[in-house]
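Reviewing the structure listed below.
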Amino acid sequence: MISVPENIHREVEELRQQLEEHNYNYYVLDNPTISDEQYDKMMRHLIQLEEEYPQLATVDSPSQRVGGHVQQGFKPAKHLVPMLSLGNAFNEGELHDFDRRVRSILGDQLVEYVVELKIDGLAISLLYQNGRLVRGATRGDGETGEDITENLRTVGSIPLKLRHTVEQLEVRGEAYMPKEAFAKLNAHREETGEVLFANPRNAAAGSLRQLDPKVTAKRSLSTFIYAIGNVQGQAITSHVEGLNWLKELGFRINPNIKTFSDISEVIDYVNTWSEKRFELPYVIDGLVIKVNSLAQQQELGYTAKSPRWATAYKFPAEKAQTTVEDIRISVGRTGVLTPTAYLKPVKVAGSTVSRAVLHNEDIIKQKNIRIGDSVVIHKAGDIIPEVVEVLQEKRTGSERDFVYPEQCPECGTKVVREEGEAATRCPNLHCPARSREGIFHFVSRSAMDIDGLGPAVVTQLLQAELIKDASDLYNLKFEDLISLERIGDKSAQNLLKAINDSKNRPLSQLIFALGIRHVGQTAAKTLASHFRSVNKLAQATEEDLVSIPEVGPKMAESIVNWFGQKSNINLLNKLLSAGVNAEIVENVEPENNSLSGKTFVLTGTMESFSRNEAKEVIEARGGRVSSSVSKKTDYVVAGEKSGSKLQKAQQLGVAIVDEEEFKKILTAQESE
């Protein structure tokens with residue numbers, strides 16, 4: 001085995017420390033200090049070093065988040081302390097009953113309640129020994145769960161190593177899938193003909209029970225930790241105190257936690273979330289009310305199934321009745337024909353719903369949906385309107401069956417349905433609908449991010465025959481744009497600037513923008529990192545592609561097929577001729593090297609610079625910005641409300657400068 005040079009040892013440790021600090025900033029503090037691209041570059045470098053020197057690889061390295069080997073199955077995992085279920089309350093009267101039971105046992109003692117959001121996900125238990133994650137498990141039957149450690153290691157909000165060493169700690173929390181990630185996952189599954197997840201809870205559970213951790217790593221899961229199961233070496237007197245301590249250790253704690261001394265205040269808080277919950281980026285199905293004092297919790301004790309000191313208030317199911325007024329077909333960028341039910345408008349889950357996607361022909365048949373039917377709808381995951389059931393007893397005989405088209409409604413081509421797929425597709429690559437949807441995708445924020453070029457403007461450009469495909473956007477002129485409705489001089493100038501700016505997007509965004517089937521944002525980043533240019537990707541064989549751990553046979557076949565189409569190569573060549581960035585350009589040395597070799601750490605807030613602006617100013621002069629303070633740090637720039645980094649700089653004797661001194665450093669260096 002190759003011996004490891006001391007400088008490599010130091011570099012690996014520093015990379016790990018920086019990556020964990022960035023994870024903490026991103027997931028716990030919700031304050032990212034570097035871009036995703038910079039984070040990915042650091043992660044790739046760490047993985048490269050660990051592959052070159054395998055003896056440096058550790059189970060708590062941030063590199064483990066990309067997913068390990070496929071598992072043969074899940075072993076049982078016995079919890080140190082049982083994970084009991086909570087009793088439920090469904091109305092204000094039952095919350096008053098809970099309060100009376102608590103006070104009947106505690107007598108005249110003052111009682112403080114903690115109220116937390118009840119995240120709709122999968123309950124998990126995490127076990128740490130000497131500050132390192134050694135096991136992660138599902139709840140199971142409360143006594144024993146499934147060991148899903150390798151999958152949980154891929155979740156960015158779960159610390160692999162605690163920020164302070166604790167001899168032994170078992171914590172409980174909820175793993176969940178954000179609404180946006182759920183919508184994207186189901187859209188991708190629908191496009192590929194896979195079965196859809198019913199809601200984010202099922203999606204999270206399914207993602208964490210994957211035998212291949214690499215699949216879990218792609219699912220954008222997150223966590224909130226809500227309790228300590230078992231701890232050694234730390235004295236804690238209240239639930240809130242415990243949560244604050246867990247946050248210091250690096251766990252993500254939900255910010256919407258409040259304490260109240262009266263059950264009526266608890267009920268008021270519960271009621272505020274009845275409508276407000278739909279504004280959250282994740283799904284909650286209620287709130288949890290707990291007695292704050294751990295001594296009082298112990299005095300209250302447990303029933304056979306649940307603690308007497310806590311209860312879960314469950315929101316009633318949000319459903320509504322309406323009528324299916326029509327069913328219409330739309331054609332997506334990959335040719336999928338998607339039926340949508342047009343409904344009599346009705347309010348459900350905080351907003352008015354007038355449409356519900358029916359996904360495919362099988363769904364319509366299974367639910368026996370007819371035009372004119374009275375139906376019950378809800379929002380899957382609080383976001384996606386869905387027809388739950390047909391009220392067949394309300395049928396009058398005037399309802400009409402919906403006949404799935406045999407030809408594409410846009411171009412008339414005979415549609416096809418591949419064996420084993422639920423999706424019906426238009427196979428015509430030049431179908432107007434596919435072209436239009438492809439351009440919508442190309443300009444979207446996750447792709448080429450052309451601000452102001454929404455569907456309405458793209459549709460106008462197509463109707464005016466100013467564009468035929470995405471490459472034509474780069475040939476647009478000022479006079480073309482101002483000829484469109486509601487586009488003035490300023491709007492036209494802004495659009496042209498946005499189009500020109502998009503030429504410099506990272507390679508990964510171009511690959512995603514091409515709209516290759518099965519290639520999502522994560523896969524696009526992987527392909528960009530591996531091939532470094534779109535031309536090398538275009539020349540790759542299926543064998544080349546499947547040799548990449550994150551690329552499977554379906555994706556490889558789809559990529560090769562895409563680049564095998566003459567029309568796609570023509571599109572790509574026109575994009576390259578227009579000057580669109582098609583490779584990863586290595587960083588070049590800045591012209592101004594006045595801060596070369598200097599390492600800065602930024603903390604707190606400044607009046608003249610945002611965190612990113614200060615970072616850019618330093619890097620533009622050849623300096624380096626680190627997320628953590630060490631003896632190698634040259635300057636800590638301390639703004640208002642500086643935190644632990646300032647304290648560490650004081651302990652290590654690192655030079656500390658305020659905003660004015662920072663400006664002087666920049667000016668002095670430039671003068672020299």
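Computed values, structure above
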{"quantity": "Matching residues in the stretch 315-344 - criterion: being under 16 Å from Tyr404 (Cβ atoms) and of a type outside the set (Gly, Ala, Ser)", "calculated": "Val324, Asp326, Ile327, Arg328, Ile329, Val331, Val336, Leu337, Thr338, Pro339, Thr340"}
{"quantity": "Qualifying positions in the stretch 150-187 - farther than 27 Å from Ser85 by Cβ, outside any loop (DSSP other than H, G, I, E, B), in contact with a helix residue (DSSP H, G or I) (Cβ under 8 Å, 6 or more places away or on another chain) and basic (Lys, Arg)", "calculated": "Lys161"}
{"quantity": "Hits in the stretch 614-645 (condition: of a type in the set (A, V, I, L, M, F, W, C), buried (at least 20 other Cβ atoms within 10 Å of the Cβ) and either outside any strand (DSSP E or B) or modelled with pLDDT under 80 (or both))", "calculated": "Ala614, Ile618, Val629"}
{"quantity": "Some residue of the stretch 543-555 being at pLDDT below 95, over 29 Å from the mean Cα position of the chain (by Cα), within 28 Å of Val331 (Cβ to Cβ) and of a type outside the set (A, V, I, L, M)", "calculated": "no"}
{"quantity": "Failed item in (1) closer than 22 Å to Ile383 by Cα; (2) among the hydrophobic types (A, V, I, L, M, F, W, C); (3) modelled with pLDDT of 85 or more, with Ala235 passing the rest", "calculated": "(1)"}
{"quantity": "Some residue of the stretch 499-522 being farther than 30 Å from His45 by Cα and surrounded by 15 or more Cβ atoms within 10 Å (Cβ to Cβ)", "calculated": "yes"}
{"quantity": "Residue in the stretch 367-383 that is within 26 Å of the chain's Cα centre (by Cα), over 30 Å from Asn271 (Cβ atoms) and surrounded by fewer than 21 Cβ atoms within 10 Å (Cβ to Cβ) present", "calculated": "no"}
{"quantity": "Residue list for the stretch 111-136, restricted to those being polar (S, T, N, Q), part of a strand (DSSP E or B) and more than 17 Å from Ser207 (Cα to Cα)", "calculated": "Gln129"}
{"quantity": "Among the candidates Leu453, Leu462, residue that is assigned to a helix (DSSP H, G or I) and either at pLDDT below 95 or not polar (S, T, N, Q) (or both)", "calculated": "Leu462"}
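The values are calculated or read from the model by the stated rules, or taken from the named source; none is laboratory data. Everything quoted here is computed from the prediction, not taken from an experiment. For neighbour counting, all protein chains shown are included, and Cβ atoms are generated from backbone atoms with ideal geometry for every residue, glycine included.
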